[in-house]
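Peer 1: A single structure is presented below for examination.
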Amino acid sequence: QLQLVESGGGLVQPGGSLRLSCAASGNIFNINVMGWYRQAPGKLREMVATITGGGKTNSADSVKGRFTISRDNAKNTVYLQMNSLKPEDTAVYYCYAIVQRVGMLSSYAYWGQGTQVTVSS
């Protein structure tokens, strides 16, 4: 069973920082893309940032210059460093990975359970 386990969410004041982590486990052969999405109450889930195995990144305009995505391929772990947080960053953050498992020819998308990030004074 493949698992994506997130950690690092919480409550932070505007202007503060948080670091999210997501570790993948479970007979993994290769992880093509890892990333973070978020969903605020009453809104659709949106992409925050993604990173390929080769380190190519993509991020939403709303977080450019404030959030940094990185990845440790040896640990199958992706990180999201969030700085200068704003109240509008409040959401449930979901880890995302496209994974090829051992013995399988195709890759599939997997999601973590989500971690709450609340930015409030």
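The values are calculated or read from the model by the stated rules, or taken from the named source; none is laboratory data. Note that this is a predicted model, so its numbers are computed, not measured. No Cβ is skipped: glycine too gets one built from the backbone with ideal geometry, and neighbour counts run over all protein chains shown. Remember, those area values only see protein heavy atoms, side chains included, never the ligands or the DNA or RNA. Shrake-Rupley method; radii C 1.70, N 1.55, O 1.52, S 1.80 Å.
Peer 1: Out of the residues in region 81-121 meeting the condition of being within 16 Å of Y37 (Cβ to Cβ) and of a type in the set (G, A, S), tell me which one is surrounded by the fewest Cβ atoms within 10 Å (Cβ to Cβ).
Peer 2: My answer is A109.
Peer 1: Every residue in region 95-121 that is over 16 Å from L11 (Cα atoms), in a strand (DSSP E or B) and touching a residue at least 12 places away in the same chain (Cβ under 8 Å), please. Break it down into steps so the answer makes sense when it comes.
Peer 2: So in region 95-121, the residues over 16 Å from L11 (Cα atoms) come out as 95-113.
Within this subset, residues satisfying the condition of being in a strand (DSSP E or B) are 95-101, 107-111.
Once the filter is applied, which keeps residues that are over 16 Å from L11 (Cα atoms), in a strand (DSSP E or B) and touching a residue at least 12 places away in the same chain (Cβ under 8 Å), region 95-121 yields C95, Y96, A97, I98, V99, Q100, R101, S107, A109, Y110, W111.
So that you can scan it fast, the table gives a plain yes or no per residue for (1) part of a strand (DSSP E or B); (2) under 15 Å from K86 (Cβ atoms); (3) open to solvent by less than 40 Å² (accessible area, probe 1.4 Å):
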position	(1), (2), (3)
L11	yes, yes, no
G16	no, yes, yes
A24	yes, no, yes
G35	yes, no, yes
L44	no, no, no
T50	yes, no, yes
G54	no, no, no
N58	yes, no, no
I69	yes, no, yes
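Peer 1: So, in region 71-82, exactly how many residues are part of a strand (DSSP E or B) and either of a type in the set (D, E, K, R) or at positive phi (or both)? If you could, list the steps in order and put the result at the bottom.
Peer 2: Looking only at region 71-82, we keep the residues that are part of a strand (DSSP E or B), and these are 71-72, 77-82.
Filter once more, keeping what is either of a type in the set (D, E, K, R) or at positive phi (or both): 71-72.
Final tally of qualifying residues: 2.
Peer 1: Just checking, which of K86, K43 is without any contact (Cβ under 8 Å) to a residue 60 or more places away in the chain and over 12 Å from the mean Cα position of the chain (by Cα)?
Peer 2: Working: K86 fails: without any contact (Cβ under 8 Å) to a residue 60 or more places away in the chain.
Of the residues listed, the single one that is without any contact (Cβ under 8 Å) to a residue 60 or more places away in the chain and over 12 Å from the mean Cα position of the chain (by Cα) is K43.
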